[in-house]
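**Student:** Structure in structure tokens, see below.
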Amino acid sequence: MTLLRSRANARVKHWHALAHDGRARRGERRALIEGVHLLAACLDSGGRPLSVLVSDSGQANAEIAALLRRAGAETTLLADALFRWVVDVATPAGVAAEIEIPEPAEDAAQGDSVFLEGIQDAGNVGAILRSAAAFGVRGAVLGSGCADPWSPKVLRAAMGAHFSLRIRRAGDLAAAVKAFSGTTLCAVAHGGRPLQDVELGKRVGWILGAEGQGVSAALAASAAQRATIGLLTGTESLNVAAAAAILFYERARRRAPGS
């Protein structure tokens, strides 16, 4: 493999844009995943990268070598400093891949979904997606004010959840919620029914908002139910990602045989 060292290389600039520019990702419907775990998750789900990038030091890694054999894609070798510049990670794992972002799937009338409004923190969005995948939520719909679900920070926080979820963005989140064929349930910090008393249907559409302002009044009013997680007196609220994990867990617990 030829070792690339220059930032002026057209392919290198392309990969750098995918890692740093949401407009490039949306325009090309491509994303850059970084690290052994994400590449393995992509391959395990049946995905095939368009190209693979390996750092000069990473090529000696046996785990990376095994993934390259599985990927079967064109592999490009980058100098360590150039690889770090492309992926923008302080201590990169030594492998990255360009993938095609799946076409956004409309509500497929199967499985639960989560609707996110105004959650700008990439770590929170990623953590919510990770919990969704872990507890059997199948779809995620992000409103226009949310962090880019295919940004490197969200991808890292989600730990491979992207490859087991239907993820799409919605310019009109209220319309997406209205079109959902199931029970819609809005999480609110105060004034909702206790979580243990909420009625869950065959399909649930969870509606979550940013920690500060929560879900907008109009969107909350469209939900069939509102749920509040009971907290100890004096506790104001939970981090939205922590709240999501509790909601999804309660749903999975009720689905479990014998529960």
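**Student:** Restricting to the chain, compute how many DSSP beta bridges are antiparallel as a %, nearest 5. Present the calculation step by step, with values, prior to reporting the outcome.
**Tutor:** On the way: 10 of 41 bridges.
Around 25 percent of the beta bridges assigned by DSSP in the chain are antiparallel ones.
**Student:** While we're on this one: Pairs of alpha-carbon atoms within less than 8 angstrom and 6+ residues apart define the contacts here; what relative contact order does the stretch 112-255 have, in percent? Could you put the intermediate results ahead of the total?
**Tutor:** Numbers: 279 pairs, mean separation 41.0, N = 144.
Computed value for the stretch 112-255: 28 percent relative contact order.
**Student:** More than 25 Å apart: what percent of Cα pairs in the chain qualify?
**Tutor:** Working: 15607 of 33411 pairs.
In whole percent, the long-distance tail amounts to 47.
**Student:** Which residue fluctuates most in the GNM of the chain (Cα springs below 10 Å): Gly123, Gly27, Gly72?
**Tutor:** Ranking Gly123, Gly27, Gly72 by mean-square fluctuation puts Gly27 first.
**Student:** Mean Kyte-Doolittle of at least -1.0 plus a Cα span of 30 Å or more along the axis: flag which DSSP H helices in the chain meet both, please. Let's see the in-between values first.
**Tutor:** Details: long enough: none.
What comes out of the filter, once short or polar helices are dropped, is none.
**Student:** Next up: Could you go through the stretch 164-181 in sequence order and give the Karplus-derived ³J(HN,Hα) for each residue, using 6.51 cos²θ - 1.76 cosθ + 1.60 with θ = phi - 60°, rounded to whole Hz, and x for Gly and Pro?
**Tutor:** Each residue of the stretch 164-181 in turn: 10, 10, 8, 10, 8, 9, 10, x, 10, 5, 4, 5, 5, 5, 4, 7, 5, 9 Hz.
**Student:** Let me ask something additional. Name the residues whose placed amide hydrogens come within less than 5 Å of the amide hydrogen of Leu4, ignoring near sequence neighbours (fewer than 5 apart) on the same chain.
**Tutor:** Here Leu77, Leu78, Ala79 satisfy the definition.
All of the numbers you see were taken from the coordinates with simple rules; none came from a lab. Note that this is a predicted model, so its numbers are computed, not measured.
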